[in-house]
1. Rounding to the nearest 10 and keeping the result within 0 to 90°, find how far the Cα-based axis of helix 12-22 lies from the longest principal axis of the chain.
2. Can you give me the angle between helix 256-266 and the longest principal axis of the chain, using Cα atoms only, in degrees from 0 to 90, rounded to the nearest 10?
3. What does the charge count near His204 come to, summing +1 for each Lys or Arg and -1 for each Asp or Glu among other residues with Cβ under 15 Å from its Cβ?
4. About the Cα centre, and with charges only on the beta carbon of Lys, Arg (+1) and Asp, Glu (-1), how big is the dipole of segment 308-457? Nearest 20 debye, please.
5. Dipole magnitude of the chain about its Cα centre, charges +1 at Lys/Arg Cβ and -1 at Asp/Glu Cβ only, in debye to the nearest 20?
6. How big is the gap, in Å, between the Cα center of segment 438-483 and the Cα center of segment 1-78?
7. Only Lys, Arg, Asp and Glu count, each charged at its Cβ (+1, +1, -1, -1), so figure out the dipole size of segment 434-532 about its Cα centre, rounded to 20 debye.
8. Which listed residue (Ala452, Ser432, Ser337) has the Cα farthest towards the positive end of the charge dipole for the chain, taking +1 on Lys and Arg C-beta and -1 on Asp and Glu C-beta about the Cα centre?
Amino acid sequence: MIGQMMQQPLLISSLLRHAERHHSRQEIVSRRVEGDIHRYTFRDLADRSRRLAQALGRLGVEPGSRVATLAWNGYRHLELYYAASGSGAVLHTVNPRLHPDQMEWIITDAADDVLFFDLTFLPLVRELAPRLASVRHFVVMSDRDHLPGDTDEFLAYEDLVGAESGDYRWPTFDENTASSLCYTSGTTGNPKGVLYSHRSTLLHTFAVSLPDSMGLSARDTVMPVVPMFHVNAWGLPYAACMVGAKVVFPGADLDGRSLYELQETEQVTLSASVPTVWQGQLQYAQDHGVRFTALERAVIGGAACPPSMLRRLEQEYGVTVIHGWGMTETSPFGTASVPKPSSEGLTVDERLAVQAKQGRCVFGMDLKIVDDAGNELPWDGSSAGHLHARGPWVLETYYHREDIDPLVDGWFPTGDIATIDADGFMQITDRSKDVIKSGGEWISSIDLENLAMNHPGVAAAACIGVRHRKWDERPLLVVVRTPEADLTAAELLDFFDGRIAKWWLPDDVVFVEALPMGSTGKVLKAPLREQFRDHLTTARTTVPVRPSTP
């Protein structure tokens, strides 16, 4: 027997229709690359998105065509989110922080038909354009008045939108139709494409908005600092329309001062970004003696949130931290560290320890941990294994890589090593490729990095495994000092005493000016391992190596 309910496909355009119909006066604020602040409403967004969808059709964009963007977070980028996907095309957000050769490879692999780009990236597009055979149109996301005089070969975004009437009806099609395309960060080898569907995106949007994830509502003012080219800004551009929240886009200025001032002016209640960006805001607040007067929730993901950062935000500034985990292949929402009732009786330190974990699933996402043989491990908070995920917004196969099955028994191996406790809170202990295997035992590089970050003289830290004559690998700590610190290796190693097992103690500390960072704000450990691979097996003039006793 089949149920007798309406059949309405889950389409991205339905989010925009809802926002226009039920939250038409809600505001969208954008700091533009032109240098000013732009304001309009969801009603304006819906009208301009329809005009843009008409313009895409006039450019010859058909259902399934890929529409690429090289753009910061702003209202025009948001219009493309809805116009491209809503019309049946595929939105392809390209990470402008990648090397040009890698961008060329990605755009060629995607066979993008049109490329929209912010004025910031005009020199980059001029370099790339002759190498992008599939791209028929290049569109500068500005008006003609702001374009330099020698850009006649490019179309102007506002000319396209202004030429259309907006008399456009969003088409209806299968909810499993492709909606957007993101590529993995590609730290090794060529990036891989992850092709989302309308259905997966809508279900993911529900998950992001739930109280046990980001807890969004129409009463919120949301600022997605995480880039819209990084896994669709963690789904926030869609979730804001679903719940009717005010949206604040920071544009290209992501320094501590710029973000703080925009947050305060617009009274942002929820902001989301990676730890390195939050560190800039905390440093600005500390240096200028200011507080966050409206900010209620800080969503931190993309890399592990140092416990010291969590403690500062919670205890010094009264901001609740939502520590999350996900990846391009999971759309990206995987888990959020939102307390359960069992946390109510915990001490402050115990509660913060729970929040420092990557969190627990909401309905739709499922996780398990397995040993090297694929046997499922218990949820006891101590058994560490390979983390696998499954769910309706988790990748099944990579774009243009249908010959490779990335799943194992219907689960996606994430490449992370993790534990899960009895309450379902998952904690990443390492990446499979980063775990340090010393004398046959695992040492968590993340735990050692987090402990180092608790020292007031440490601004950033990365722990890597390097060659050792006896134990195969031993931990080496690579550290950036805070500007005022005169920290020595011996002092930092003494700081570890009594806080970890003795055989986990790093064998040495190397101080550097900066850590190599990837395009999504993560520390790149591969070049560090290459640079320091023989550090413990060759003569050095640094402090003596501590005894290694795994």
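1. So the inclination is approximately 70 degrees.
2. It is inclined by approximately 50 degrees.
3. Values: positive: Arg199, Arg390; negative: Glu175, Asp212, Glu329, Asp366, Glu396.
Net charge around His204: -3.
4. Numbers: 12 positive and 24 negative charges, 89 e Å.
Dipole magnitude for segment 308-457 comes out near 420 debye.
5. Details: 51 positive and 71 negative charges, 69 e Å.
Dipole about the Cα centre, nearest 20: 340 debye.
6. 45 Å
7. On the way: 11 positive and 15 negative charges, 75 e Å.
Here the size comes out at about 360 debye.
8. Ser337
Where a number appears in this text, it was derived from the coordinates with a stated rule and is not lab data. If you're wondering where the values come from, they're calculated on a predicted model, not measured in any experiment. All Cβ positions, even for glycine, are placed from backbone atoms using ideal geometry, and neighbour counts span all protein chains on display.
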